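Read the structure below first, then the notes.
The values are calculated or read from the model by the stated rules, or taken from the named source; none is laboratory data. Fair warning: this is a prediction, and the values are worked out from it, not measured in the lab. Using ideal geometry, Cβ is built from the backbone for each residue, glycine included, and neighbour counts are taken over all protein chains shown.
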Amino acid sequence: MAATLKGVLQGSLADNVKNSKILVVGAGGIGCEVLKDLVLTGFKTIEVIDLDTIDVSNLNRQFLFRKEHVKKSKSQVARESVLKFNPDVDIKAYHDSVMSPDYDVNFFKQFTLVLNALDNRAARNHVNRMCLAADIPLVESGTAGYLGQVTVIKKGLTECYECQPKPPQKTFPGCTIRNTPSEPIHCVVWAKHLFNQLFGEDDPDQDVSPDTEDPELTAEAGQSALQSEAKTDEIGGIERKSTRVWAMNTGYDPEKLFNKLFRDDIKYLLSMETLWKKRRPPQPLNMTQLPSDTDGNSSAIRDQRQWSVKECANVFSDCLGQLKKELATQGDGGMLVWDKDDETALDFVASVANIRAHIFGIAMKTRFDIKSMAGNIIPAIATTNAIIAGLIIMEAIKILSGKIKSCKTVYLNRVPNDRNRLLVPCTLDPPNPKCYVCAPKPEVTVVVNCTRFKVGALQDKVLKSYLGMVAPDVEIDDGKGTIIISSEEGETEENNDKFLSDFGIRNGTRLKCDDFLQVYSLVVTIAHVEKLEEEKEFEVVGDLSELQPQEEQQQAANGSKPHNGGDKADEKEEEDDLMLIEEEEFEEEQQRMEEETRTTRKRKASSETEPTTKRSKTAEAQAAAGDNDVIEIS
Amino acid sequence: MTADTKEENITEDEAALYDRQIRLWGLDAQRRLRAASVLLVGLRGLGAEVAKNIVLSGIKSLTLLDPTVADEEDSMSQFLIPRSEVGKNRAEASLERTQLLNPMVKVTADTSNIDDKDDAFIKSFDVVCATGCGTTTLKRLDRVCQEGAVKFYAGDVFGFYGFMFADLGTHEYAEEVKKPKHAEKNVSSEEEGEPSPKKAKVEEPETTTVKKSMKFPVLEDALGAKFDSSSSEGKKKLRQIPNTFFITKVLLEFLEQQKRRPASSSLEGDKKQLSNLRKQTLDTSGVSDNKMPEDFTEYCFGQLSPVCAVVGGILGQEIIKAVSQKDAPHNNFFFYSGTDDGGFVTSIGS
């Protein structure tokens, strides 16, 4: 029966709901709520996809799951639970990644609507492209703590998910992490790098040893440090070996590792005197001479109690032993993957980060706090997810009523704006004609040094990571059709270590990039430069950068004024597209950096006729940005 | 509110289960939640949403109270009642699924009519949340709650529309405010050509917790608010009142008069009745015709699940806020209209 009861849904809407076929992408916090609302409202044919399994920390909000379901498939358990609410629904569950080639454009084409309930940008980008390719309306959503948002994307009618540039990934300069940390997060990042250096995948970008190429060091200072390095006996020598090999040779001896990492390397850093002229110099620690325990509130649970340095050293020792054993079970060439939910892995990072923080005079943190930082945990609650899911269904209902043009972007605020709105609807914007995804002929410019940038980096860092392709094919537009990257395995792997210039790619070269799965073609124009700012390897510009000044102009036209929380009625209506996303946590360091607390806002003149909302939510956004719980993608 | 349990520390199990919310509202708030007993009156769609949200949050106990039996309409929003239980008491039929949401919360069902309960019963709770009640019942509950210093909430959903009302009496709460940042000492430009100095230690954005207090108007004053649209000030005030307030008044009046909700089984007659009540309400409130769209009768039958989710989400969060005594509560109405995506917090009756 559901809401298709007489008198509840108007006109043909009840039938449209019954006859529609809905894809729900994600069965987490928002997904559980969406599924409940769908089956109750009378939707009859639903498919849900999620690659994740259930964790205890999901149970405070993902109410379709219970303790006995932990470690089971989210999509499958969600299906079973929600069928109890309404057994007359046809639900198909996929325990799989939506980015898998199995879900091609024909798969998407079978749906009336796609509802996103995702927690990461890569999947959102991908579903956005699939829905554009299939020309199926998409309802996009996200929550973070008390805040949330819903929007509607329809090819040719609205902005797509990627029409506006997203804030860049937040990364820390290598020398800050390796030489001059000043915040707890720097120590946490270093500790995770150390984990990978000792037990995980070897990544040259995650070196933990002192960095003699720190731009702060003058040539002279660097030289003297190098000389002192040459003088030191085995300690200096080990810099030349990989941390992993050295650690293995010592049998992961806790004292040897401790004294190398926290005494000798620190002494070495101290020899780079320039670094410490204006900074508090770090203080080397010797494992056998640690500050004595000053244990305060032992009543608190382990996670919440601040460990002493000595305690950290003990945890460090224990973890080394355990991780060494775990690594051994992996066999030759095996490795461990850092996971915030692995107790030992987290203990290791918590102890190491705190020891390093102590050395550099940085505030030490509880294991609870370090888990947030290292695992990039975004707080999530049932109520926000319920509200956002409700709003998703309301937009879906509008689309099914044939009123897609009256769909809105709706923001859930923490406090009402000065027009008393707690839920703020904003008009949907038309597509950005220069969008590198949904424009008729997408183009983008990539700035690199062609003699130093490798084909492998073009594939992984630019096309996949930054531009969101899944399996790109790249052909040089040189009349010969030279293929430098192929999505077919084994065809072009040998190119990965070659530089762009090895293929004659230079300033102005055009590359035809295709993603077959996404039905997406992009022309990349290469702009060659000798050196980019801030150690950057590449930059994506052109159409993207052209957007920036335009926005600033509009902002100025709106009579933008300082937003300090003073809520005065603003006569000029304006829209805030505070795009906050992310419901869950991200495992990947890159994503972690990318999605970290950040506020970027876009404001523009209102085109809405009714005198709604539109006063800025800036004060709110700013306040929220301080909370560590907002991920905003504008 | 009893504060004694505040001393008890959160266990490792609780910390694991409530991890993602403790990271949002902190351990103190979670301890207060664990001490709270809540009475939920009315177990239709909105009641189910509120029950779900607050049981998941980890309150101490929840009493589900409803004397009525489940019917066909429950299938569109009441997910706590199995379909096989149509004809059974709503509170009892909701018990099992509510309890499964969180075994740490004590959940009980009560099949009484709230009007038959004495004042002492009502005053024994920390929070009373009444859904699906008429105005006489609501006003009495509000009065008793204020006498007993119980936090009182009311709410309902009619089709695409929904509201929440809160009377927390004089409510004390803590709010985190940012400290003004101390100007950083600039020691640069001392020596030319040196790398720019960096602070050895970056302070985290400092916040300080401030105790605040807020007073709420009673429901009687809030519902009885008159509007003077002849003066410019009255007009201005009226502009801030969303249409959904008047729609809510009409529907509460319907409930009061008919002792039932508008039903799809009596669709046409009920629509007519609602239209009449619309005229009356506009007249007695002293507001013009355009404050309430005539076609609202097309959108106010049943309880739409997504609307219950929105209103129940706000209501649930407000209960959590009040119990944890953290952050400023919404004073005193929230209105939602699914016809135009409007969601307003409005103070009426103060």
Quiz item: Can you find even one residue in segment A:351-358 that is part of a helix (DSSP H, G or I) and surrounded by fewer than 24 Cβ atoms within 10 Å (Cβ to Cβ)?
Solution: yes
Quiz prompt | Residue satisfying all of: in segment B:63-95; facing another protein chain (nearest Cβ under 9 Å) and over 20 Å from the mean Cα position of the chain (by Cα); nearest to B:Val38 (Cα to Cα) among these | solution = B:Pro82
Quiz item: Do any residues in segment B:228-250 that are over 20 Å from B:Gly132 (Cβ atoms) have Cβ atoms under 8 Å from those of residues that are surrounded by 14 or more Cβ atoms within 10 Å (Cβ to Cβ) and of a type in the set (Gly, Ala, Ser), where the two are at least six apart or on different chains, and which pairs are they?
Solution: B:Asp228/B:Gly234; B:Asp228/B:Gly286; B:Ser229/B:Gly286; B:Lys235/B:Ser229; B:Leu238/B:Ser229; B:Pro242/B:Ser337; B:Pro242/B:Gly342; B:Asn243/B:Ser337
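Check whether at least one residue in segment A:56-64 is in the same structural domain as A:Met130 (by TED's automatic domain parsing), crowded, with 19+ Cβ neighbours inside 10 Å and over 26 Å from A:Asp339 (Cβ atoms), and report yes or no.
Filtering segment A:56-64 for residues in the same structural domain as A:Met130 (by TED's automatic domain parsing) gives A:56-64.
From what's left, crowded, with 19+ Cβ neighbours inside 10 Å: A:57-64.
Keeping just the survivors that are over 26 Å from A:Asp339 (Cβ atoms) gives none.
Checked against the condition, which is being in the same structural domain as A:Met130 (by TED's automatic domain parsing), crowded, with 19+ Cβ neighbours inside 10 Å and over 26 Å from A:Asp339 (Cβ atoms), segment A:56-64 yields no hits at all.
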Quiz item: Going by the structure shown, is A:Thr171 within 14 Å of chain B (Cβ to nearest Cβ) and either touching a Leu at 6+ places or on another chain (Cβ under 9 Å) or surrounded by fewer than 23 Cβ atoms within 10 Å (Cβ to Cβ) (or both)?
Solution: no
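Could you tell me whether A:Ile301 is surrounded by 19 or more Cβ atoms within 10 Å (Cβ to Cβ), of a type in the set (A, V, I, L, M) and in contact with a helix residue (DSSP H, G or I) (Cβ under 6 Å, 6 or more places away or on another chain)?
Working: surrounded by 19 or more Cβ atoms within 10 Å (Cβ to Cβ): no; of a type in the set (A, V, I, L, M): yes; in contact with a helix residue (DSSP H, G or I) (Cβ under 6 Å, 6 or more places away or on another chain): yes.
Taking the combined requirement at face value, the residue does not satisfy it.
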Quiz item: In segment A:130-144, what residues are more than 15 Å from A:Lys405 (Cα to Cα), crowded, with 24+ Cβ neighbours inside 10 Å and in contact (Cβ under 8 Å) with a residue 40 or more places away in the chain?
Solution: A:Met130, A:Leu132, A:Ser141, A:Gly142, A:Thr143, A:Ala144
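Can you list the helices (runs of 4 or more DSSP H) lying wholly within segment B:232-350 that have 3 or more residues being polar (S, T, N, Q) and either surrounded by 17 or more Cβ atoms within 10 Å (Cβ to Cβ) or at positive phi (or both)?
B:243-258, B:267-285, B:305-324
Filter segment B:302-315 down to residues that are facing another protein chain (nearest Cβ under 7 Å), in contact with a strand residue (DSSP E or B) (Cβ under 9 Å, 6 or more places away or on another chain) and under 19 Å from A:Leu35 (Cβ atoms), then give me how many there are. Don't jump to the end; show me each part of the working.
Step one: list which residues in segment B:302-315 are facing another protein chain (nearest Cβ under 7 Å), which gives B:302, B:304-307, B:309-310, B:312-314.
Okay, now just the ones that are also in contact with a strand residue (DSSP E or B) (Cβ under 9 Å, 6 or more places away or on another chain), so B:302, B:304, B:307, B:310, B:312-314.
This time we only want the ones that are under 19 Å from A:Leu35 (Cβ atoms), so: B:304, B:307, B:310, B:312-313.
Here the count works out to 5.
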Exercise. State all residues of segment A:360-377 that are in a loop (DSSP other than H, G, I, E, B), under 24 Å from the mean Cα position of the chain (by Cα) and facing chain B (nearest Cβ under 8 Å); if no residue qualifies, say none.
Key: A:Ile377
Quiz item: With (1) within 27 Å of the chain's Cα centre (by Cα); (2) under 23 Å from A:Arg129 (Cα atoms); (3) not basic (Lys, Arg) as the list, and A:Glu488 as the residue in question, which single condition is left unmet?
Solution: (1)
Quiz item: Which residue, of A:Glu395, A:Glu343, is surrounded by fewer than 24 Cβ atoms within 10 Å (Cβ to Cβ) and of a type in the set (D, E, K, R)?
Solution: A:Glu343
Self-check item: Candidate set: segment A:104-135, residues that are at pLDDT 95 or above, under 19 Å from A:Leu35 (Cα atoms) and part of a loop (DSSP other than H, G, I, E, B); chosen: the one farthest from the other protein chains (Cβ to nearest Cβ)
Solution: A:Gln110
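Those residues that are β-branched (Val, Ile, Thr), over 26 Å from the mean Cα position of the chain (by Cα) and assigned to a strand (DSSP E or B), I need them from segment A:6-50; list them, please.
Taking segment A:6-50 first, the residues β-branched (Val, Ile, Thr) are A:8, A:17, A:22, A:24-25, A:30, A:34, A:39, A:41, A:45-46, A:48-49.
Still in the list and also over 26 Å from the mean Cα position of the chain (by Cα): A:8, A:17, A:22, A:39, A:41, A:45-46.
Matches in segment A:6-50: A:Ile22, A:Thr45, A:Ile46.
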Quiz item: Could you list, in sequence order, the residues of segment A:402-443 that are assigned to a strand (DSSP E or B) and within 14 Å of chain B (Cβ to nearest Cβ)?
Solution: A:Lys408, A:Thr409, A:Val410, A:Tyr411, A:Leu412, A:Arg421, A:Leu422, A:Leu423, A:Val424, A:Pro425, A:Cys426, A:Thr427
Quiz item: How many residues does segment A:152-165 hold that are polar (S, T, N, Q) and in contact with a Lys or Arg (Cβ under 8 Å, 6 or more places away or on another chain)?
Solution: 1
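Select from segment B:24-60 the residues that are over 29 Å from B:Gly302 (Cα atoms), of a type outside the set (Val, Ile, Thr) and outside any helix (DSSP H, G or I) and write down the one among them that is farthest from the other protein chains (Cβ to nearest Cβ). Quick ask: steps written out before the conclusion?
Initially, segment B:24-60 is screened for residues over 29 Å from B:Gly302 (Cα atoms), giving B:24-37, B:58-60.
When the remaining residues are screened for being of a type outside the set (Val, Ile, Thr), the result is B:24-37, B:58, B:60.
From the residues that got through so far, the ones that are outside any helix (DSSP H, G or I) too are B:35-37, B:58, B:60.
Working: B:Ala35: 18, B:Ala36: 15, B:Ser37: 19, B:Gly58: 7, B:Lys60: 16 Å.
Filtering segment B:24-60 for residues that are over 29 Å from B:Gly302 (Cα atoms), of a type outside the set (Val, Ile, Thr) and outside any helix (DSSP H, G or I), the one farthest from the other protein chains (Cβ to nearest Cβ) comes out as B:Ser37.
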Exercise. Evaluate the following for A:Asp88: is it within 8 Å of another protein chain (Cβ to nearest Cβ) and either assigned to a helix (DSSP H, G or I) or more than 34 Å from the chain's Cα centre (by Cα) (or both)?
Key: no
